[in-house]
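One structure is given here, and the rest of the page talks about it.
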């Protein structure tokens with residue numbers, strides 16, 4: 001079983017500064033066998049993972065996530081040019097796969113974080 005933990009730092013984005021917010025995603029394999037895992041990140045319509053504002057989706061595939069292993073990744077989230085004062089939702093989906101293929105999903109975990117844009 002894969003445990004998912006995610007945090008935003010800082011918890012508020014200030015549009016006047018145009019500085020990114022850091023998203024930390026941590027996975028922990030609590031099972032006693034290696035897993036195949038894929039991570040999908042959705043930033044929404046007003047946020048992006050690059051300064052130009054073109055990438056609002058990120059994905060990562062891990063073919064062998066060993067038992068007891070912990071993985072921590074950091075992503076920067078930038079405001080797009082159309083960003084307004086609002087509350088945005090960042091969606092994180094972690095899929096555990098089986099049968100040696102990313103096509104088959106054994107279990108899915110979804111976590112949503114809210115980011116206040118001022």
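Coordinate-derived values only; no laboratory data. All values derive from a computational prediction rather than experimental measurement.
Below is a table of values for the structure above.
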{"item": "For the chain: relative contact order, % (alpha-carbon pairs under 8 angstrom, 6 or more apart)", "result": "31"}
{"item": "Residue-span extension gain [residue 32 to residue 105] - 0.36 nm each, minus C-alpha spacing", "result": "24.4 nm"}
{"item": "For the range 3-114: rounded, prolate or oblate by the Cα gyration tensor [a/c cutoff 1.5]", "result": "prolate"}
